[in-house]
Amino acid sequence: MSWLQAMVLAVVQGLTEFLPISSSGHLSIVSKLFFGEDAGASFTAVTQIGTELAVVIYFIGDIVRLVAVWFRGLFSAQVRATQDYKLAWYVIVGSLPIGVLGFFFQDYIRSTLRSLWITAATLVIFGVLMGLAERYGKQLREQARLRLSDGVLMGFAQAMALIPGVSRSGGTITAGLALGLTRATAVRFSFLLAIPAVFAAGLSEVSHVFEPSPYGLQPSAAQMIVATVVAGVIGYAVIAWLLRFVQKHSVYLFVWYRIALGAAVFALLGFGVIQP
């Protein structure tokens, strides 16, 4: 991997990680279109640590509060009755599906599932599902009305993002809207839900980044560190923008973008411009 490749992919990761358009799908498309080779699942997972650090910094107040309440709730029935204690458990339970499925299907994630045919199809299919959720979701429930079932179902939606093109935030936001959550609530919970899962995935992939592999470009340690920092800085700005955006606008912008991008990738594959 060259420094140009590392920086371009880091910028792409930072711009797309929190938008419901699939960062892993974009990394795969950009790296194959401009560099002729996949960025690799390990590079994707590790740079996500940078973007998740951005989430931690942005939501540090919420995170500290939830962790403190969770520990206090282990010994206090009164604390266990609070919404914050329940929310902490929703995040924990919702993080389990992606961890379990990621562990058992890691070989497929690194290889077979990174086909651009699959990425193009999931961009379109899950874009349509997001549009339907925006159109027909009631969007009445705020964060105070989150339930355990929301955490479980959004957790399984997040696990679908193991397939490039689905989008972790896209899957969870779609599920949240379908369950009747407001856009702002779905987005905020999506960010919180991602923290345990993405950190675990990134740390587990650190050792694989520098191993010789037929799947993906090979970064140096310095490139990996700088790319992770760059992705995190850009990701922080995207978080702030997205939270403001969804308060006043629908997600149709991302729906149409996903469908257009998926169609473009199908065309590029069909004409042999890029290889799957």
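The values are calculated or read from the model by the stated rules, or taken from the named source; none is laboratory data. Small disclaimer: the values here were computed from a predicted structure and weren't measured. Counting neighbours? That spans all protein chains shown, and the Cβs are built from the backbone with ideal geometry, glycine included. For accessibility, only protein heavy atoms count, side chains too; no ligands or nucleic acids. Shrake-Rupley method; radii C 1.70, N 1.55, O 1.52, S 1.80 Å.
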(Q) Could you go through region 79-94 and let me know if any residue there is assigned to a helix (DSSP H, G or I) and farther than 19 Å from PHE189 by Cα. (A) yes
Q: For region 20-30, name all the residues that are crowded, with 24+ Cβ neighbours inside 10 Å and either farther than 17 Å from MET160 by Cβ or within 13 Å of the chain's Cα centre (by Cα) (or both).
A: PRO20, ILE21, SER22, SER23, SER24, GLY25, HIS26, LEU27, ILE29
**Q.** Output for region 232-276, where each listed residue is in contact with an Asp or Glu (Cβ under 7 Å, 6 or more places away or on another chain) and not β-branched (Val, Ile, Thr)
**A.** GLY235, SER250, TYR252
Q: Look through ILE29, ILE49 and report the one residue that is β-branched (Val, Ile, Thr), under 30 Å from THR119 (Cα atoms) and modelled with pLDDT of 90 or more.
A: ILE29
Q) Restricting region 228-276 to residues that are farther than 24 Å from ILE118 by Cβ and among the charged types (D, E, K, R), which is least open to solvent (accessible area, probe 1.4 Å)? A) ARG244
Q: Could you run through region 57-98 and say how many residues are surrounded by fewer than 17 Cβ atoms within 10 Å (Cβ to Cβ) and of a type in the set (Gly, Ala, Ser)?
A: 5
Q: Might you let me know whether region 130-142 holds any residue that is within 19 Å of ILE92 (Cβ to Cβ), open to solvent by 10 Å² or more (accessible area, probe 1.4 Å), among the polar types (S, T, N, Q) and free of Cβ contacts under 8 Å to residues at least 60 places away in the same chain?
A: no
Q: Kindly check whether there is at least one residue in region 24-36 that is in contact with a Lys or Arg (Cβ under 7 Å, 6 or more places away or on another chain) and either within 18 Å of LEU193 (Cα to Cα) or part of a helix (DSSP H, G or I) (or both).
A: yes
(Q) Go through region 161-192 and report how many residues are open to solvent by 20 Å² or more (accessible area, probe 1.4 Å), within 24 Å of TRP117 (Cβ to Cβ) and in a loop (DSSP other than H, G, I, E, B). (A) 1
Q) Considering region 229-255 alone, what residues qualify as being part of a loop (DSSP other than H, G, I, E, B) and within 16 Å of GLU17 (Cα to Cα)? A) VAL251
Q: Would you mind finding the one in GLN5, GLN13 that is touching a residue at least 40 places away in the same chain (Cβ under 8 Å), part of a helix (DSSP H, G or I) and under 13 Å from the mean Cα position of the chain (by Cα)?
A: GLN13
Q. Out of region 118-129, which residues are at pLDDT below 95 and either surrounded by fewer than 18 Cβ atoms within 10 Å (Cβ to Cβ) or not in a helix (DSSP H, G or I) (or both)?
A. none
Q: Within region 145-171, track down each residue that is touching a Phe, Trp or Tyr at 6+ places or on another chain (Cβ under 7 Å) and hydroxyl-bearing (Ser, Thr, Tyr).
A: SER167, SER169
Q. Going by the structure shown, is GLY50 surrounded by 18 or more Cβ atoms within 10 Å (Cβ to Cβ), in contact with a strand residue (DSSP E or B) (Cβ under 9 Å, 6 or more places away or on another chain) and not aromatic (Phe, Trp, Tyr)?
A. no
